[in-house]
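Student: Dumping the structure here so I can ask a few things about it.
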Amino acid sequence: MSVKSESIQSKKDSGQDERLKKISPLRVLLNRPELGALGGSILVFIFFGIVAGDTGMFSAYGTLNFLDVSANLGIIAIAAAMLMIGGEFDLSIGSMIGFAGICIAIPAIYWGWPLWTSIIFAFAMAVLIGYFNGIMVVKTGLPSFIVTLAMLFILRGATLAITRLITGRTQIPGLRVLIEDDPIAWLFATDTFQWLFTWLGSMKLIALRTDGTPLATGIPPSVIWFIALTLFATWILMKTRYGNWIFASGGDKVGATNVGVPVGRVKISLFIGTAVASTIFACIQVLDAGSADTMRGTLKELEAIAAAVVGGCLLTGGYGSAIGAALGAIIFGTVSMGIFYTDVDTDWFKVFLGAMMLIAVVFNNYIRKKVTETK
Amino acid sequence: MSEYLVQFNNISKFFGKVIALKDVTMKLKKGEIMCLLGDNGAGKSTLIKTLAGVHKPDEGEIIFEDQKIVFDSPRDALDIGIGTVYQDLALVSLMSVTRNFFMGREPQKGLPFFRTFDIEKANTIAAERMGQIGIDVRDPSQAVGTMSGGERQCLAISRAIYFGAKVLVLDEPTSALGVHQASMVLKYIVKAASQGLAVILITHNVHHAYPVGNSFTVLNRGKSMGTFQKKDISREKLLSMMAGGEELDKLEVELKEMDRIENN
């Protein structure tokens, strides 16, 4: 039968394919979008290990410091990366951070709501705004760049106007006292593994304050959220049907629709994802500082996109990874903190950020061509 | 049950004042390959999209397995077994063979809320299915971008068959391919038909259509010029009908005239 002859055919083919199999481990590595970011972060750590190895940057306190900065950026970078893989941008991330901050602070301070209800209120607003972004992009077919740029201005303006209208100022302090005994706030405000740091302190393994308590008190909540979100996003992208739909929606919208992928729903959910991630960022920041500020999160959307791009996401969608974005965020966080430990003027940080992004884009572009070149 | 698996009776489709299709009728049996021929602008794309459930016909009816069918969406057409492979193939070149094969219909395992995409199973099925058509995917997780045009076409067809297509609608499957690749795809189409599928092969290339087709429907300016069995029509006749016959006939007469004048 014909099937038989085909299998003979394929056997003959596989003879010549053995030759190709030998280079496949390299291909597998090149196939991973986070390769560039992995190399980049190793370089960054080697560099600071040499330049700032003895300055306290890599002490428990110093490490937690740059991890905290990386983690905060990472939380929004992962959501931005997932959206970018889905083929869209969200430029309203930074404004959403500011908006979410006052959504927590105004009800809690001025309206007397319990802190946990204002936190839920902030998340509800995030879902609404994300949904609005998504539905606008999906229904109108306009570029998300434009729609979310409009949202960037709307949210920032509304944040400022509403805050000034209600409070007469642009900062809302006084949240710290509300954290204690709140059923939800601890999720965003508790240092974990404190016992470990106390023990390390008692063993004189880490630096202590003059009163004998350790300088680093525990793992900050941002780091826990960051790790959890990286794992969750990676699981979704690599292991679930929804993850496949994200790649498909970003890779070829029309094709995905034709084979039955609900592209519109996927994109809307990803916009909700970035807004919710911004709100997680805002919760951690607001509860850590004890105050909300209308200017919080300014330019964070661009940093998040930069981290995602350095992490291997393609601007055109359909390709990228959450681990890559996480590594991108670690690179930025490490450099932005590490630069204080070196003799380099911190003014140079933005130069580095831009250069890093350019190199990443060129590198990733080259890799993508390698991966998909027709034989 | 009638001898036809699917019938499209007097289908018309209007876009505003434009008559895209008028009274087009086609009937297909199991195992039959019908070639839908037509020049650019003949209404082929509109007809395919009507078959695939993208457009609703303004007049006429679709009868599938003796039942009248109305499609509300492309999904409905897929569900009853009309699988359409568009020219763009609906493949994402940066995604793996497996992820493309199961795009939109991923097999799942595990408990509710923790359901995962069963990649091992998907890899096995994809490699097996591609193997059956003689394409040895060395690694089902390789990107589709690394495959040749013919292999991609076969992947898209194989996917449609795997997901239960009984009627396979193929939009210009060979138009972008070289001779060798095109013959690989055509061979696969014949094989699919021999397993009991009805195939509608849309093309403007008579040389690809004629060897594989059992019957031929010619579209011209939105109207069907009739369906012909292979024994009733020659390749040349088909070609001249497609190009709006008269024009070619006229050209021929003019050329003869010129010839005559020169010879005198």
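Student: What is the local net charge at A:V138, summed over the other residues whose Cβ is closer than 12 Å to its Cβ (Lys, Arg +1; Asp, Glu -1)?
Tutor: Around A:V138, the surrounding residues sum to +3.
Student: Is it possible to state the helix-based mean residue ellipticity at 222 nm for chain A, with each DSSP H run of 4+ residues giving -39500 (n - 2.57), the sum divided by total residues, to the nearest 500 deg cm²/dmol? What is it?
Tutor: The per-residue figure over chain A is -24500 deg cm²/dmol.
Student: Using amide H atoms built in the peptide plane, which far-off residues or other-chain residues are under 5 Å from A:G311 H to H?
Tutor: Amide H neighbours of A:G311, under 5 Å, 5+ apart: A:G328.
Student: Still on this model: Size of the dipole of chain A about the Cα centre, Lys and Arg at +1 and Asp and Glu at -1 on the beta carbon, nothing else charged, in debye to 20?
Tutor: 1420 debye
Student: Please identify, among A:F66, A:F281, A:F58, the residue showing maximal mean-square fluctuation in a Gaussian network model of chain A using a 10 angstrom Cα cutoff.
Tutor: Looking only at A:F66, A:F281, A:F58, the biggest GNM fluctuation is shown by A:F58.
Student: Give me the net charge of A:T198's neighbourhood, meaning all other residues with Cβ under 15 Å from the Cβ of A:T198; Lys, Arg count +1, Asp, Glu -1.
Tutor: 0
Student: Sticking with this one: Among B:N220, B:N100, B:N40, determine the one that fluctuates most according to a GNM of chain B built with springs between C-alpha atoms less than 10 Å apart.
Tutor: B:N40
Student: I would also like to ask the following. Compute the FRET efficiency between A:A161 and A:V51 as 1/(1 + (r/R0)^6), taking r as their Cβ-Cβ distance and R0 = 60 Å, and round to the nearest 0.05.
Tutor: FRET efficiency, A:A161 to A:V51: 0.85.
Student: For region A:194-321, what does the relative contact order come out to in percent, with C-alpha contacts under 8 Å and a separation of six or more?
Tutor: Here the relative contact order equals 20 percent.
Student: Which residue fluctuates the most in chain A, going by a Gaussian network model with Cα springs under 10 Å, if the choices are A:F349, A:F247, A:F99?
Tutor: Evaluated over chain A, the most mobile residue of the options is A:F349.
Student: Roughly what angle does helix A:60-85 make with the longest principal axis of chain A, taking Cα atoms, 0 to 90 degrees, to the nearest 10?
Tutor: Tilt relative to chain A: about 50 degrees.
Student: Answer rounded, prolate or oblate for chain B, using the Cα gyration tensor with square roots of eigenvalues a ≥ b ≥ c: rounded when a/c is under 1.5, else prolate when a/b is larger than b/c, else oblate.
Tutor: Judged from the Cα gyration tensor, chain B comes out prolate (a/c at least 1.5, a/b above b/c).
Student: Take every residue in peptide B:109-119, count the Cβ atoms of other chains within 10 Å of its Cβ, and give the average of those counts.
Tutor: 3
Student: Moving to a separate point now. How many Cβ atoms of partner chains, on average, are near each residue of B:87-100 if near means within 10 Å of its Cβ?
Tutor: What the average comes to for B:87-100 is 6.
Student: Considering all alpha-carbon pairs of region A:36-372, what whole percent are spaced by more than 30 angstrom?
Tutor: Here the tail beyond 30 Å accounts for 38 percent of pairs.
Student: Taking every pair of distinct Cα atoms and averaging 1/r, then inverting, what Kirkwood hydrodynamic radius in Å comes out for region B:142-206?
Tutor: 12.1 Å
Student: While we're here: Enter the mean number of other protein chain beta carbons within 10 Å of the beta carbon of each residue in A:256-269, as an integer.
Tutor: 4
Student: Now a separate question. Helix-only estimate, please: 222 nm mean residue ellipticity of chain B, summing -39500 (n - 2.57) across DSSP H runs of length 4 or more and dividing by its residues, to the nearest 500.
Tutor: It comes out at -11000 deg cm²/dmol, rounded to the nearest 500.
Student: Next up: In what sequence, highest mean first, do A:74-87, B:191-204 appear when ranked by Cβ atoms within 10 angstrom?
Tutor: Taking the mean over residues of other Cβ atoms within 10 Å, the ranking is A:74-87, B:191-204.
Student: How high is the relative contact order of region B:3-160, in percent, counting Cα pairs under 8 Å that sit 6 or more residues apart?
Tutor: 19 percent
Student: Could I ask something else about it? Which chymotrypsin sites (Phe, Trp or Tyr not before Pro) does region A:164-244 hold that lie in a coil by DSSP with at most 16 other beta carbons within 10 Å?
Tutor: For chymotrypsin sites (Phe, Trp or Tyr not before Pro) across region A:164-244 that sit outside H, G, I, E and B with at most 16 neighbouring Cβ atoms in 10 Å, the list reads A:F193.
Student: Under 5 Å between amide H atoms, partner at least 5 residues away or on a different chain: which partners does A:D182 have, H built in plane at 1.01 Å?
Tutor: none
Student: Something else about it: Using the Kirkwood radius over C-alpha pairs as Rh, can you work out the diffusion coefficient of the protein assembly as shown via Stokes-Einstein at 10 °C, viscosity 1.306 mPa s, in µm² per second?
Tutor: 56 µm²/s
Every number here is computed from the coordinates shown, using simple stated rules; none is lab data. Keep in mind that this is a model prediction, so the values were computed, not measured. With ideal geometry, Cβ positions are generated from the backbone for all residues, glycine too; neighbour counts draw on all protein chains shown.
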